[in-house]
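Remarks on the structure that follows.
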Amino acid sequence: MAITGAARITVRTASLAANLRYFQARAGVVPVAAVVKADAYGLGLAGVLPALSCDTFFVARLSEAVSLRALKPQARIFVLDGACADAVAALVTHNLIPVLNSLAEIAVWQGEAKRARTRLEAALHVDTGMNRLGLPPDELAILSAEAGQRLEGLSLTLVMSHLAFGEDPAAPMNGEQLSRFRAALASLPPAPASLAASGGILLGTDYHFDLVRPGIGLYGGAPHTGHANPMQPVVSLTAPVLQLRQVAPGDSVGYCATFRAARPSLIATIPLGYADGVMRIASRGAGAILKGLRVPIVGRVSMDLITLDVTDLPGVAVGDMAELFGPGLPVDEAAAEWGTISYELLTGLSRRIPRAYEGGA
């Protein structure tokens, strides 16, 4: 017997708001900005914004910033990708603040300020060791020596950097980057500063400066790997049992017969698969929660379906909901079983799974 059912992503907005309050309490008087890039880490930007009681936001892409501006007309919005020449018009039109990552981007943004005969807000990203985006040491030295000329026409709203080991409080590189960031600030014109994301906030007040910007912690992920997670769980991925199948010893389940029953077994099939963002590697030892108990995934995760061994689960029925992660199976634990991290797990969830928002802010 089979029924029609659908997977669902449930976002608990009250928990999201509580996580923001947690970071606000840790930051004290320092303002908190929310990182909502990648469609709010895959949870749906429009759905989570009502729970985020802050006025400053960070996104990665220009397109994300434009979408956010439509929802938050008065917010300060920083765009981490910076100001390439073909983005300038949209940045100005939508009143966005680019995070400038190089002398070339500074020149582009300054050129627009001169052309428009107005001052434009800008943030600077200083590379303190990540070696991705941000002003490298040689460009920082040039800017420091020629700041009056190169920043003319710009209002320096923020100087920021990013920690490579924010999730590991014991990592020596945290202190090294902190020292480099302080040195960079001393060489530049005075401006508000920001270094700490989720993990950095928990490293203490030395890392807070003038603005903190939590990301994964807002959405329930652990700020520090291997430590107790102080965040409330925000997201659940659930799906109903579509069908139950008795399998005899020696019979296989799924593609390529990677699982063969060693005993008479009861197999539950649920409507989730790698097209939904459940990685195929979850076939190797991952599990789900069903009726409050953990059951293993058996056989291969396919495009649309997962099979669970529920032989030892009494009373399971078609329509019962299986939880792939959520309060019963933390997102970081599930991600580890899938061979990844919570960031990739959440942002990889397919848009074909409906998002449901429960609870007030």
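For a quick check of understanding: with a 1.4 angstrom probe and all protein chains in place, what accessible area in square angstrom does residue 303 have, to the nearest ten?
Using a 1.4 Å probe on the heavy atoms, I get roughly 100 Å².
Would you rank 343, 207, 219, 22 by solvent-accessible area, highest first, keeping every protein chain in place and using a 1.4 Å probe?
Details: 343 100, 207 25, 219 5, 22 60 Å².
From most accessible down to least: 343, 22, 207, 219.
Using 0.36 nm per residue of separation minus the Cα-Cα distance, give me the extension gain between residue 130 and residue 303 in nm, one decimal.
Working: separation 173, 0.36 × 173 = 62.28 nm, distance 3.59 nm.
Difference between extended and current length: 58.7 nm.
At 0.36 nm per residue, and after removing the present C-alpha to C-alpha distance, how many nm does the segment from residue 333 to residue 155 gain when stretched out fully?
Net length gain for the segment: 59.7 nm.
At 1.4 Å probe size, with every protein chain present, just tell me what the per residue accessible area of the chain comes to in Å².
Working: 15540 Å² over 361 residues.
Value for the chain: 43 Å² per residue.
Per the Cauchy relation, a quarter of the hull surface: what is the mean projected area of the convex hull of the alpha carbons in the chain, in nm²? Walk me through the numbers before you get to the answer.
On the way: hull surface 79.7 nm².
So the mean shadow area of the Cα hull is 19.9 nm².
Sequence neighbours fewer than 8 away in the same chain don't count; with that in mind, list the lysines whose C-alpha is under 29 Å from residue 114.
72
Contour minus end-to-end for residue 25 and residue 312, with contour as 0.36 nm per residue of separation and end-to-end as the Cα-Cα distance?
Details: separation 287, 0.36 × 287 = 103.32 nm, distance 4.44 nm.
Full extension of this stretch gives 98.9 nm more.
With a cut-off of 20 Å, note down the residues of region 50-70 whose backbone N falls inside the zone around a label point 7 Å from the Cα of residue 84 toward its beta carbon.
59-68
Around residue 48, with a cut-off of 10 angstrom between Cβ atoms, what is the net charge of the other residues, counting Lys and Arg +1 and Asp and Glu -1?
Working: positive: 355; negative: 39.
That works out to 0.
If I model a spin label as a point 7 Å beyond the Cα along the Cα-Cβ vector, how far apart are those points for residue 284 and residue 256 in nm?
Distance between the two pseudo-spin positions: 1.1 nm.
As a test of reading the structure, rank 121, 139 by solvent-accessible area (1.4 Å probe, protein chains only), most first.
These residues rank, largest area first, as 121, 139.
What ranking of 93, 258 comes out by heavy-atom accessible area, probe 1.4 Å, highest first? Walk me through the numbers on the way to the answer.
Numbers: 93 110, 258 75 Å².
From most accessible down to least: 93, 258.
Return the long-range amide H neighbours of residue 159 (sequence gap of 5 or more, or a different chain), with a cut-off of under 5 Å between placed amide H atoms.
124, 193, 194
The values are calculated or read from the model by the stated rules, or taken from the named source; none is laboratory data. All figures in this text were calculated on a predicted structure; none of them were measured in a lab. Please note: Cβ atoms are built from the backbone with ideal geometry, for glycine as well, and neighbour counts cover all protein chains shown. Each accessible area value is taken on the protein alone, full model and side chains, heavy atoms only, with ligands, DNA and RNA left out. Shrake-Rupley method; radii C 1.70, N 1.55, O 1.52, S 1.80 Å.
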